[in-house]
Amino acid sequence: MKVINDRMCAQLDGEVVVFLIGMRINKLWKIHKWLPVAMAMPRMLKELEKNPDLGFLGAHTWFSRTVIVLQYWRSVEDLQAYAKNRDHAHLPAWAAFNKAVGKGGDVGIWHETYRTRAGDYDTVYANMPLFGLGKAMKVVTASGRRESAAGRINET
């Protein structure tokens, strides 16, 4: 990944939805319970990347005992439409989780959704490759009004 030495910030038109989703391995030795859960997300991300019309903008993933996937979406409506659509990978994966794991406690899942309306965000990247909203959208030089957080937030 190429590091951009300039001070950059993401440039967005309209709202963006920040969606955090993940799983926590509660019983490491029960690989037969948590591995299928872990394998479901890459399938969903591939599907989303191949279909930009679904509203998915990009993601970053971190692996540990708790896996975290940071996702960006065009709207809450797009995110919910994907989650509820029987023709996409999410709903079957959710049903499989409930059938295989349910309330057993071997593996946990979680998500958080944040709607960021136009101008209600601040980003800055210095000495970084494209990352976060800057990777999902586009970056511009953080100069002029964009040099400070106060200048970047509520920019419309």
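The values are calculated or read from the model by the stated rules, or taken from the named source; none is laboratory data. If you're wondering where the values come from, they're calculated on a predicted model, not measured in any experiment. Methodologically, a virtual Cβ is constructed for each residue, glycine included, from the backbone with ideal geometry; neighbour enumeration extends over all protein chains shown.
What the table shows:
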| read-out | value |
| --- | --- |
| Per-region count, the range 5-39, residues modelled with pLDDT of 90 or more, among the hydrophobic types (A, V, I, L, M, F, W, C) and either assigned to a strand (DSSP E or B) or surrounded by 19 or more Cβ atoms within 10 Å (Cβ to Cβ) (or both) | 8 |
| Residues of the range 138-149 that turn out to be modelled with pLDDT of 80 or more and buried (at least 18 other Cβ atoms within 10 Å of the Cβ), as a count | 1 |
| Qualifying positions in the range 100-115 - over 28 Å from W73 (Cα atoms) and not aliphatic (A, V, I, L, M) | K103, G104, G105, D106 |
| Unmet criterion (only one of (1) farther than 21 Å from V17 by Cβ; (2) in the same structural domain as L35 (by TED's automatic domain parsing); (3) at pLDDT 85 or above; (4) not β-branched (V, I, T)) for G55 | (1) |
| Filtered residues of the range 70-84 (kept if within 13 Å of L45 (Cβ to Cβ) and in contact with a helix residue (DSSP H, G or I) (Cβ under 6 Å, 6 or more places away or on another chain)) | Y72, W73, Y82 |
| Tally, over the range 48-104, of residues that are outside any helix (DSSP H, G or I) and in contact (Cβ under 8 Å) with a residue 12 or more places away in the chain | 22 |
| The one condition in (1) surrounded by 12 or more Cβ atoms within 10 Å (Cβ to Cβ); (2) more than 24 Å from T116 (Cβ to Cβ) that K50 fails to fulfil | (1) |
